[in-house]
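This report refers to the structure that appears directly beneath it.
Please treat every number below as a calculation from the coordinates, not as lab data. Fair warning: this is a prediction, and the values are worked out from it, not measured in the lab. Positions of Cβ are generated from backbone atoms using ideal geometry, with glycine treated the same way; all protein chains shown enter the neighbour counts.
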Amino acid sequence: MRKYLPLIRASYMVSLVYRFGFLFSIIGNIVYLGVAYYLWKSIYQGRDVLNGLTFNETFLYVGLGSAIFILLKTYADWIIHFEIQQGTIATYLTKPLDFQLYSLFTNFGAVLMNLTAITVPTAVVMIFVFKVQVTSGIGLWLFPISLIFAFLISFSIDFFVGLISFYSESVWGVTATKDIIVTVLSGGLIPLQFFPEAMQKILYWLPFQAVYHTPLMMITKADLGWGTFLPMLLLQIAWAIILLIASRLFYNQAIKVIRISGG
Amino acid sequence: MSLIHIENLNKHFKVLNRREGLSGAFRDLFSGDYKTVEAVSGISFDIEAGEIVGYIGPNGAGKSTTIKMMTGILQPTSGVIEVNGLVPYYNRIRQAQTMGVVFGQRTQLWWDLPVIESFKILREIYKVDEKTFKQQMEMFNDLVGLKALHMQQVRTLSLGQRMLCDIAASFLHNPKVVFLDEPTIGLDISVKAKIRSLIKRLNTEHKTTIILTTHDLGDVEALCTRIIIIDKGKILYDGDIKKVNALFGAYRTLKVQIDNFNESTLQTLQEKIVNHFGVDKNLTVAQTEEFWTDITFDQALTPLSDVLNFVMKNFSVLDVRIVEISMENVVQKVYDGALG
């Protein structure tokens, strides 16, 4: 495993080269926070609690949701797509590296960069400009752990989509569809509590909510306790393991395509 | 035992028969109409440790396919392939530890980072110890002045500098065998010379086996003692470069631009040349690019000045170029039985 660690540093440094991009991401995200603030403010007009969430909790959920969205946005699907299409994957396959682990560690570096450059500033703006309050509780401690598994799930989905390039020349449509499905069905755009009850039950068992809803609940309802959080966390860990293995199996299958029919 | 052992190796690709136009593209979506392309068919050879072998052939000959099988990226359809006693595609990661690969068309360096960072990353990937790393970096510096490039971003390097760095990087972990796929592609003569001397030095330094694929016969002449010529997936020649050199080293192609060139000119030229020099002197006339007529001949049999004089006297010539024989010409001549 040790030989993969420098990849984290390398991709962190690569991200640093494009620092101007981050400036725009931060500005864009602050604008989004402003829009979300006034939108939800008007939805909450005259009401204290909607679907069990106060305005403060909803805004925390939606605002941090956008911060996590940017945190996990590493374009892994696109990068893998281009590596396959342009054949650069051959340069990794001739190294003593496993391609999935190579991608995972490279992505982790990009996530760390997003964390320091965008996610943390967004959180600071939320606390000091929009004055959101965070209740203390066990959830606050579970939040970072949950984020790690959210990353593993999100990476596996991206890796999976990127691998489709082995079969199809274009992944644009698949990527766009995936982005929409993941953000909407995961609570990344609207808190899951606002969905119809029946749908919530279905979504609970899908992997998408584990990316956003699980960590976001831990921070908005931090005081809920183990009874709520433990099953959520276990489900998330289960999904992370299932998806890592599933994308591994898909990779083994996909790599055969180039091995047998050429790159 | 030889370092690389290949016996009756085959690689067949299934390729969709594509149809024309938009409607054709739609029908292709559901088509089961495949044809088999034999990229490599029935090749065998052995390569000993420390050799530099030129693996040459025209575009689409099957060179890269063979390299990809030797590096474990591609699985052969049938046949035996062993590198270092291991089957590459079953032991890809273990094998990669003892291999270096340079694909001339793409880089293995981190595009956005300074050169030295790529070397540091590769050092950890290949688990090169501190002492060896220092020694290797010193050697690269002596050979190509690598230190001056350490802090430069890879993307800002010239193609030649990048290639020197790429080649150095592929030797960092002291591999047993290095595959260089078109390392001089797109480079000018002086840079080519630099690259060739680097490869030569790296080969002698640690007795590294090198397999070089190239389009440029000059590369092979400068570096290899052994040459394998492949075309359409089959080996045409495998042996000493001297024999090839003796045959083709003296071949030159005289390119002339003839004023008022028309369809009959080529034929007239051909007839006149055959009449003047005789059939046995083996002069060939062909047109390979617009406006230019190629006359290929053996300097050992016909002096260049004779050919030039003859053409100048009989035709109104606008421009002249003399080039060494091309890869395609060599392959054609081997087909015609030149190497017996």
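Overview of results
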{"item": "B:D231 long-range amide H proximity, modeled H, under 5 Å", "result": "B:L236"}
{"item": "Charge dipole magnitude, Cβ of K and R +1, D and E -1 - the stretch B:163-298, Cα centre, debye nearest 20", "result": "760"}
{"item": "The stretch B:143-201: C-alpha gyration tensor shape, a/c 1.5 cut-off, then a/b vs b/c", "result": "oblate"}
{"item": "Per-residue average of Cβ from other chains inside 10 Å of B:66-76", "result": "4"}
{"item": "Between the stretch B:45-105 and the stretch A:1-25, the alpha-carbon center distance in angstrom", "result": "33"}
{"item": "Built amide H within the under 5 Å cut-off of A:T135, gap 5+", "result": "A:A222"}
{"item": "Rough spin-label spacing in nm, given labels placed 7 Å along Cα→Cβ, for A:Y92 and B:T36", "result": "3.3"}
{"item": "Rounded FRET efficiency, nearest 0.05, which uses the C-beta distance separating B:E7 from B:A246 and R0 of 25 Å", "result": "0.25"}
{"item": "Shielding score for B:116-126, defined as the mean number of other chain Cβ atoms within 10 Å", "result": "4"}
{"item": "Quotient of C-alpha Rg and 2.2 N^0.38 Å, computed over the stretch B:4-246", "result": "1.09"}
{"item": "Within the stretch A:104-146: backbone nitrogen closer than 11 Å to the B:R155 label point (7 Å, Cα to C-beta)", "result": "none"}
{"item": "Using θ = phi - 60° and Karplus 6.51 cos²θ - 1.76 cosθ + 1.60, couplings along the stretch B:163-174 (whole Hz; Gly, Pro as x)", "result": "5, 4, 5, 4, 5, 4, 4, 6, 9, 3, 8, 6"}
{"item": "Within the protein assembly as shown: Cβ-based charge dipole about Cα centre, in debye rounded to nearest 20 (Lys, Arg +1; Asp, Glu -1)", "result": "1500"}
{"item": "Value of relative contact order over the stretch B:201-340, rounded to a whole percent, pairs C-alpha under 8 Å and six or more apart", "result": "29"}
{"item": "Table column - 3J(HN,Hα) (Hz), the stretch A:230-247, Karplus curve with 6.51, -1.76, 1.60, x for Gly and Pro", "result": "4, x, 4, 5, 5, 4, 5, 4, 4, 4, 4, 5, 4, 6, 5, 5, 4, 6"}
{"item": "Candidate lysines for bridging to A:K95, where Cα separation is under 16 Å - those fewer than 8 sequence places away on the same chain excluded", "result": "A:K3, B:K68, B:K120, B:K127, B:K176"}
{"item": "Label-to-label distance, nm, for residues given as A:Y38 and A:W141 (7 Å Cα→Cβ offset)", "result": "4.2"}
{"item": "The stretch B:201-241, relative contact order [Cα under 8 Å, separation at least 6], %", "result": "25"}
{"item": "Within 10 Å of each Cβ in B:84-92, the average number of Cβ atoms from other chains", "result": "1"}
{"item": "Proxy reagent accessibility, fewest Cβ within 10 Å first, across B:D142, A:D158", "result": "B:D142, A:D158"}
{"item": "Bridge type composition, the stretch B:4-246 - antiparallel percent by DSSP, nearest 5", "result": "55"}
{"item": "Sites B:E290 and A:W78, calculated FRET efficiency, Cβ-Cβ separation with R0 45 Å, nearest 0.05", "result": "0.65"}
{"item": "In the stretch B:294-337, chymotrypsin sites (Phe, Trp or Tyr not before Pro) in a DSSP loop with at most 15 other beta-carbon atoms within 10 Å", "result": "none"}
{"item": "Burial ranking of peptide ranges A:6-14, B:262-270, A:43-51 (average Cβ count within 10 Å, highest at the top)", "result": "A:6-14, B:262-270, A:43-51"}
{"item": "Relative contact order of the stretch B:64-140, defined on C-alpha pairs under 8 angstrom at six or more residues apart (%)", "result": "18"}
{"item": "Spin-label pair A:I30/A:K256, simplified geometry with 7 Å Cα→Cβ offset, distance in nm", "result": "5.3"}
{"item": "The protein assembly as shown - mean residue ellipticity at 222 nm from DSSP helices (-39,500 (n - 2.57) per run, n ≥ 4, rounded to 500)", "result": "-17000 deg cm²/dmol"}
{"item": "Shape category assigned to chain A from the gyration tensor of Cα positions, a/c cut at 1.5", "result": "prolate"}
{"item": "Amide hydrogen neighbours beyond the local backbone of B:G42, cut-off 5 Å, H modeled", "result": "B:L9, B:N10, B:K11"}
{"item": "Contour minus Cα-Cα distance for B:N17 and B:V80 (0.36 nm per residue)", "result": "19.7 nm"}
{"item": "Pairs of alpha carbons in the protein assembly as shown whose separation is greater than 49 Å (percent)", "result": "30"}
{"item": "Signed unit charges on C-beta, dipole axis of the stretch B:250-324, positive-most listed residue B:V279, B:T302, B:Q257", "result": "B:T302"}
{"item": "Karplus-derived 3J(HN,Hα), 6.51/-1.76/1.60, for each residue of the stretch A:13-24, Hz, glycine and proline x", "result": "5, 4, 4, 4, 4, 9, 5, 5, x, 5, 4, 5"}
{"item": "Global form of the stretch B:7-118, assessed from the alpha-carbon gyration tensor, a/c cut-off 1.5", "result": "oblate"}
{"item": "The stretch B:61-157: mean projected area of Cα convex hull, nm²", "result": "7.9"}
{"item": "Least to most buried among A:M232, A:M218, B:M151 (fewest other Cβ within 10 Å first)", "result": "B:M151, A:M232, A:M218"}
